[in-house]
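The values are calculated or read from the model by the stated rules, or taken from the named source; none is laboratory data. As the structure is a computational prediction, the values presented were derived from the model and not from experiment. We place every Cβ from the backbone using ideal geometry, glycine too, and count neighbours over all the protein chains shown. Areas reflect the complete protein model, heavy atoms only, side chains present, ligands, DNA and RNA absent. Shrake-Rupley method; radii C 1.70, N 1.55, O 1.52, S 1.80 Å.
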There are 4 protein chains.
Amino acid sequence: MKFAIILGNLGNTCDRFLSSGYKEQPTKEAMIKQAAEIDGVTGIELVGTWDVTKDNTDEVGELLAKYDLECVSIIPDYFSQKRWGKGAFSSKDPKIREQAVEETYEAAEVAQKLNCELINIWPGQDGYDYPLQAYYIEERQWMKESLSRACNKYPGIRFALEYKMKEPRTHSFLARCADTLLMAKEINHQNVGVTIDFGHSLLAYENVAEAAVMLKMYGEKLFHFHFNDNYRAWDDDMIVGSVHFVEYLELLFWLKEIEYSGWYSMDLYPYREDAKRALAESVAFIKGIDRLLTPELMNEIRELIKEGDATKSTALVRRLILK
Amino acid sequence: MKFAIILGNLGNTCDRFLSSGYKEQPTKEAMIKQAAEIDGVTGIELVGTWDVTKDNTDEVGELLAKYDLECVSIIPDYFSQKRWGKGAFSSKDPKIREQAVEETYEAAEVAQKLNCELINIWPGQDGYDYPLQAYYIEERQWMKESLSRACNKYPGIRFALEYKMKEPRTHSFLARCADTLLMAKEINHQNVGVTIDFGHSLLAYENVAEAAVMLKMYGEKLFHFHFNDNYRAWDDDMIVGSVHFVEYLELLFWLKEIEYSGWYSMDLYPYREDAKRALAESVAFIKGIDRLLTPELMNEIRELIKEGDATKSTALVRRLILK
Amino acid sequence: MKFAIILGNLGNTCDRFLSSGYKEQPTKEAMIKQAAEIDGVTGIELVGTWDVTKDNTDEVGELLAKYDLECVSIIPDYFSQKRWGKGAFSSKDPKIREQAVEETYEAAEVAQKLNCELINIWPGQDGYDYPLQAYYIEERQWMKESLSRACNKYPGIRFALEYKMKEPRTHSFLARCADTLLMAKEINHQNVGVTIDFGHSLLAYENVAEAAVMLKMYGEKLFHFHFNDNYRAWDDDMIVGSVHFVEYLELLFWLKEIEYSGWYSMDLYPYREDAKRALAESVAFIKGIDRLLTPELMNEIRELIKEGDATKSTALVRRLILK
Amino acid sequence: MKFAIILGNLGNTCDRFLSSGYKEQPTKEAMIKQAAEIDGVTGIELVGTWDVTKDNTDEVGELLAKYDLECVSIIPDYFSQKRWGKGAFSSKDPKIREQAVEETYEAAEVAQKLNCELINIWPGQDGYDYPLQAYYIEERQWMKESLSRACNKYPGIRFALEYKMKEPRTHSFLARCADTLLMAKEINHQNVGVTIDFGHSLLAYENVAEAAVMLKMYGEKLFHFHFNDNYRAWDDDMIVGSVHFVEYLELLFWLKEIEYSGWYSMDLYPYREDAKRALAESVAFIKGIDRLLTPELMNEIRELIKEGDATKSTALVRRLILK
C-alpha cells in the first residue's frame, strides 16, 4: 500500500462562516516537511495554483525531492477562483470553458515535469444550484467535449474524474460513481477514469466497496482513491475511521480482491484539529485494517460473502474487534 | 399526453405494521372500472401474478376491452413472493435466477397477447441489506446475464428497467439513473431501456429532469415514466404535486423538449386515501402544468435556462402561479 | 446489564411488498422458548393483541414463568389495526381517541397481572402524511390529553413514550427525543418518560448518546432503550453492531456514566435472517462492548471527552479494536 | 407583514473552497441603500462585528435613519472569529464562555441604542464534530448558564435562540425546534424564545408550520423568523420559493392563524446571484402567497385541515395555482 496526502490538508481550512480559517497557514516547506514525517506517507497531491504552478514547478519539485516525496497527482484548481463560479468545463461562457481546458493543459505540463502521471479532476463548480437554471443537454455536452480535449492531448497522463453529488453547487454534473463512469465511457479514451472519494460515495448512499467494484468491472476505471470520513449526509471530511469501521473493512477487502494498485490518499478538512496528527491517525487506521486482512481472513470473508448470511458476517466482524 | 395508472394503486395497500392494509380490496373488475372512470386515463399497467397470469390473460384482456383501456405495461412480480426474498435475477441460487428469467418470459407472452409492448422490470429484491453480504462481481454479472436472456428472446418487447436506491433491500443493484443506464448499455440490446419513477429519482437526490435528459442523450433509453411524490427521503408514493411543483414544471418542460412520447403513468400507494380520487388528482395536476406549457412559455423557459439566472427563473415561476 | 427482546422479532416479518412475510410464523411458545435460549436474555417485551390480551394474560404469564423470563414491557398495539390508520391518541375522531385510551388501560391491567411495570407507547399512527392535512394545535392537544389520562389512572405504571420521526406516517407527532421529552413535561406526571430506539435516534440525525444524556439531565426521563442498527436514513431495524461501532461505544459509556439501570432490549426486523441468531448476535455485540468498558477505560474516555481532542479519541478507539 | 433582510446578505458570500467569495464586497452604505430600495423592506438585521460594534453604533444608526430602516435585530458574531472555533457559550474554556457572554452584553447595549428589542443568537460553533469529543452534561449546562446570564441582565431585550442541526459543527447543541424550546424553558426567563429559520427547519425534517405552532402552544416562544429555501438536505440558503411552495403556503396560513406579529426576515446566501434581486424576489414570493390568503381561503383551509382529506387539500392547492 502506498500512502499519500493532499498537501493543503496540512494548511489552514476555512468554512463559509469563518473565511479566515480556524488556524494559521504554515509555509509550503513546513507542510511538505510535516507530510514527510507522517509514518507511511510517501506521496503528495498538489493543488494547482495553491501549491504549484508552471512558474514554481522546479522549486516545488526540489522540495519534494528534499523530503523524499513523490508527486502522486496534480489537482487543478477549478473551484477556488471567481472565474469558475458558474462552471468551468461546462460554463455557459465559451471563454471560461477554454480556460478550464488550458488549466488542464498546464497541470499536465506540470505533472510531466514532476514525473507525476495522474491529474485528479474535481470539477466542483460544474453543475447548477436552482431548478430551471441549466440547459442540461448543452452543458453536459460541453463538459464532455472540454474533458475530451485534455485526454486527447496528453495520452501519457491518466485523468481521474472525482465525483461529488453537491457542494459548492447544489447539484454537480459528475455526481455519483455511475454518472462519472458513464461520462468516462462517453469520452472514450483509455486514459480517463474515476477517483472515488470515500466520503463523497457515502454522501450518495453508495456502498463504497460496490462503487470500487463497478469501476473495476465496467472498464478498469478505478484510477484513484481519496480517504476520509463523514456522517453520510455531507462531505464532512473527517479523520479516516472516526465514524465508519465495517465499511472500511469491506472496502479494503475489495481493493485487495480487485487488485487495486493505486495510491491510498488522505483527503481531510481538519478544520479545528492538528492536521498532521489527524492525517497520521488516518493512515494508522487504514494500516490497522490492512493488518487484519491476512490471507486467511481474505478467504474467510470471501466464503462469507458468497454465502450471504448477514448474521455470520456481523459475527465475524465482532470477533475481529471485540474479544 | 397519454395517461395510465398501475391497477394495484386502486386496491388495498399495506405497510410492514399493518399487513392487512388500511382499506378493503375491491374486485379486479371494480378496479378496472374505476380506472376507466378517471378523467384522461386510457392505459393500465398490470402486475404479474396479482393482476394477470398466463392463465387469465384472455379474461383480463376482455375486461380491458370492455372498459376501453389499453395495457401499457406488464410489471412482473419479482418482489412479493417468498422465493424472491434474497434476490431474483441476481440470486445466489441459480434455480431462482432461472425462475426470474422464466417469469419474464411469461410476462412477455402475456404482453404479446394483450398487445402490450412494454415490460417494466423492477427487480426490488435484487441487492443486499448488510455490509459483507454480497459478492458484487458475481451478483452483478448474474443480474446482467439474466436480464440479457429476456431481451434476447423477445426482441419485439421493450424492457424498461426501473431503478430505486433501496427498499425492500437497504441497497439495490439498480439504484440510480446512471447505474441503470450503465446496466442497459452493458446488456447492449436496443430493446432495453430505463423507467424513471419520479419519487425514486428524488430519493436519490437526482434532479428528475436531468435524469430524463441523460437517458435521452446517452442512447435514447427513456422508455417509461412513473409519477408520484414524496419528501425526498423515502419512496412515500404520495399524490402527484402534493409536495413538489417547480420540479414537475421543469420535468414536463424537458419531456416536451426531448419529445418524450411514452406514457405518463401514475404509481401511488394511497394507503389511507380514496385511491380513485388520489389518482384523478394526480392526473389533474399533470394536465394543469401541461396547460401552462404553451409554446410561448416553452420559449421563455428555454431562453431562461440558456441564460441561467436563478432569480429570473424563480420570478417566472412565481408569476405563473401567484398573481 | 439486563437483556430483553421484543417477542415479535422472532416471528415472521413482512414489508409493504411481501405482506405474507419472508418466513413462517412460529407458535408463541416456540418463540418464547427461543428467546429463553438466547444467551443473556432474561426479559421479554410483548405487543398487545399480537402477543397478549386481557383474555390470555394468565396463559402468557405461565409460559413466561415456564421459561424463566420476565415481562419487561407491554407495547400496546396502536399501529397494526385499521381503526388506528388515521391516528390513535390524536385521531380527529373522539371515539378512536377513547379507544386508544382504553387500549392503554387494558395494557396496564395486563402489565400489572404480569408484574410488569412498564408500558412502552409507540404511537406510530399519530401524525400526518401530507401538507395541509393536520390541525396541529388540536391534534397535539388531544395527544397530550389522551396520554395524560393513562398516566393519571395508573400511577404505579411507568409510561415510556417511544419516538420515531416517521413511518408509517410521513411525519409523527412524537418525532424526536426533545419533542417527546417536551410532551412528557407537558403531561407532567412523574410516571411518564421516554424510550430511545437507537435506530430512530440515528434517523433523526441525533447523537444517541447525547439524546440519552438529555433525558437524564432534564428530568430523569430515560425510561427504556431499544437497540438495533441502520444506515441513518431509515429505520432498517438491522442487527445491533452490523453498521455502527463507535456510536455504540459512546452510548454504552454514557449509559454507565449516567447510571442507566433499565433494560437493554433488542428490537430488530430480521426480515430474511434467522431471527434467533440475529438477536443473539445483537446481545453478543453489546456484551462485547461492555467488556471493553472497564473502569480504566471509563476513566480514560472521561478524560478524553473533557479534553475534546478528536484525534486522540479516534486513536483510542482504533487501538481498542485494531492491534 | 413587516419585511426585513440580514444586511450581510447583500455583501460578498464565500464558501470553503472560494474563501474570497464569488462577488465583490460593497460598502456598508451601499448595502443599506440597496436594502431600502427593495420593495416592502423596512427592517434590517445587523451582524455584530461585521456590521455594527459599540464603536460605530451611532454612525450605523444614522445610516439606518437616513434610509428609513428599522433595526430589527442584532445577531452577535459567535461564529466568524477564531476564538469561537471550539464553542462560545459552551466552550470548554471558561474564558471563552465569559467572552461569549460579554459579546452578548455588548450586543444588548448596541441594540438598546438602536431602539432594537431583539437579539438573535445563533451559537453556530456550540456543538461538536466527532464521537467521543464532548462531555454533554457539562457543556449543555454551561450553555444554559451562559445564556441565562444575558437574559437576566437585559430583561428588556428579547433573546431569540436560532437553531440549526449542523454546520459549521457536525452537531449543534441547539439543533432542532424542540431542543431549543427545551433550552428556553430550562433558562426560564420570559424574554428568551426561539427563531425559526425555514431552511434549518426543513433540514431537520421538521414541518416548518408545525414547528411554529409548537413554539406558540408551549409557551409563546416564537420570537422571530428567517426565510430562505433549500433542498431539505443542507442549509442551501436559496431564494425564498425557489424550491418549496405548499410548505410556504401552509406556514403562512399558520402564522396568520397563530397571529404571529414578528418580522418576516430574509436570510439568504446568494453566492452567485445579484443579491438585491434575489432578496426582492424572496419578498415578492411571500407577498404573493399572502395575497392568496384571503379570509375566505383561510376559512377554507381551516375546514380542510380539520377534515384531513389529503386529496382535497392537494386539489385546493392545485386550483389556486393552476387554472
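Table: residues versus (1) at pLDDT 95 or above; (2) surrounded by fewer than 21 Cβ atoms within 10 Å (Cβ to Cβ); (3) under 30 Å from D:ILE239 (Cα atoms).
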{"position": "D:LYS23", "(1), (2), (3)": "yes, yes, yes"}
{"position": "D:GLU29", "(1), (2), (3)": "yes, yes, yes"}
{"position": "D:GLY61", "(1), (2), (3)": "yes, yes, yes"}
{"position": "D:ILE75", "(1), (2), (3)": "yes, no, yes"}
{"position": "D:PHE89", "(1), (2), (3)": "yes, no, no"}
{"position": "D:PRO94", "(1), (2), (3)": "yes, yes, no"}
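Can we say A:ARG291 is at the interface with chain C (Cβ under 9 Å from one of its Cβ atoms), out of contact with any Cys (no Cβ under 7 Å at 6 or more places or on another chain) and more than 21 Å from C:PHE245 (Cβ to Cβ)?
Spelling it out, it is not the case that A:ARG291 is at the interface with chain C (Cβ under 9 Å from one of its Cβ atoms), out of contact with any Cys (no Cβ under 7 Å at 6 or more places or on another chain) and more than 21 Å from C:PHE245 (Cβ to Cβ).
List pairs: first in the range C:11-31 and at positive phi, second among the polar types (S, T, N, Q) and open to solvent by 20 Å² or more (accessible area, probe 1.4 Å), Cβ under 7 Å, 6+ apart or cross-chain?
C:GLY21/C:ASN12
Checking A:MET143 against (1) crowded, with 24+ Cβ neighbours inside 10 Å; (2) in contact (Cβ under 8 Å) with a residue 40 or more places away in the chain; (3) within 16 Å of D:ARG272 (Cβ to Cβ); (4) within 14 Å of chain B (Cβ to nearest Cβ), which single condition isn't satisfied?
(3)
Kindly provide the set of residues from the range D:141-178 that are closer than 15 Å to D:PHE79 by Cα and part of a strand (DSSP E or B), ordered by number.
Across the range D:141-178, the qualifying residues are D:LEU161, D:GLU162, D:HIS171, D:SER172.
Taking into account only those residues within the range D:101-140 that are away from chain C (no Cβ under 14 Å), open to solvent by 10 Å² or more (accessible area, probe 1.4 Å) and part of a loop (DSSP other than H, G, I, E, B), which is nearest to C:MET217 (Cα to Cα)?
Residue satisfying both the conditions and the ranking: D:TRP122.
Tally up the residues in the range B:180-210 that are farther than 23 Å from B:PRO155 by Cβ, assigned to a helix (DSSP H, G or I) and more than 16 Å from the chain's Cα centre (by Cα), please.
1
State yes or no: is D:GLU303 within 9 Å of another protein chain (Cβ to nearest Cβ) and within 25 Å of C:GLY87 (Cβ to Cβ)?
No; evaluated as a whole, the condition is false for this residue.
Output yes when any residue across the range D:227-247 is more than 7 Å from every other protein chain (Cβ to nearest Cβ), touching a residue at least 60 places away in the same chain (Cβ under 8 Å) and closer than 28 Å to C:ARG232 by Cα, and no when none is.
yes
Among the residues of the range B:60-81, how many are in contact with a strand residue (DSSP E or B) (Cβ under 9 Å, 6 or more places away or on another chain) and closer than 12 Å to B:LYS113 by Cβ?
5
Which of the numbered conditions does D:MET31 fail, given that it passes all the others? Conditions: (1) within 14 Å of chain A (Cβ to nearest Cβ); (2) more than 16 Å from the chain's Cα centre (by Cα); (3) closer than 16 Å to D:TYR269 by Cβ.
(1)
Which residue out of A:PHE285, A:PHE253, A:PHE198 is modelled with pLDDT of 95 or more, away from chain C (no Cβ under 14 Å) and within 30 Å of A:LYS33 (Cα to Cα)?
After applying the criteria, what remains is A:PHE198.
When the range C:264-282 is examined, which residues are found to be within 16 Å of the chain's Cα centre (by Cα) and under 18 Å from A:ARG319 (Cβ atoms)?
Selection gives C:LEU279, C:SER282.
Which of (1) touching a residue at least 60 places away in the same chain (Cβ under 8 Å); (2) under 19 Å from C:ASP235 (Cβ atoms); (3) open to solvent by 10 Å² or more (accessible area, probe 1.4 Å) is the odd one out, the single condition C:ASN207 does not satisfy?
Exception for C:ASN207: condition (1).
Is it the case that the range B:169-191 has a residue that's away from chain A (no Cβ under 11 Å) and touching a residue at least 60 places away in the same chain (Cβ under 8 Å)?
The answer is no; no qualifying residue exists.
Just to check your reading of the model, which residue among D:LEU268, D:LEU252 is of a type in the set (A, V, I, L, M) and within 20 Å of A:LEU132 (Cβ to Cβ)?
Testing whether each residue is of a type in the set (A, V, I, L, M) and within 20 Å of A:LEU132 (Cβ to Cβ) leaves just D:LEU268.
Could you check how many residues of the range A:224-263 are of a type in the set (S, T, N, Q) and within 12 Å of the chain's Cα centre (by Cα)?
Summing the residues that are of a type in the set (S, T, N, Q) and within 12 Å of the chain's Cα centre (by Cα) in the range A:224-263 gives 1.
Picking from C:LYS221, C:LYS216, which residue would you name as being within 17 Å of the chain's Cα centre (by Cα), more than 22 Å from C:GLN141 (Cα to Cα), at pLDDT 95 or above and surrounded by fewer than 24 Cβ atoms within 10 Å (Cβ to Cβ)?
From the options C:LYS221, C:LYS216, the qualifying one is C:LYS216.
Among the residues of the range B:34-52, count how many are in a loop (DSSP other than H, G, I, E, B) and either without any contact (Cβ under 8 Å) to a residue 24 or more places away in the chain or within 20 Å of the chain's Cα centre (by Cα) (or both).
The qualifying residues number 5.
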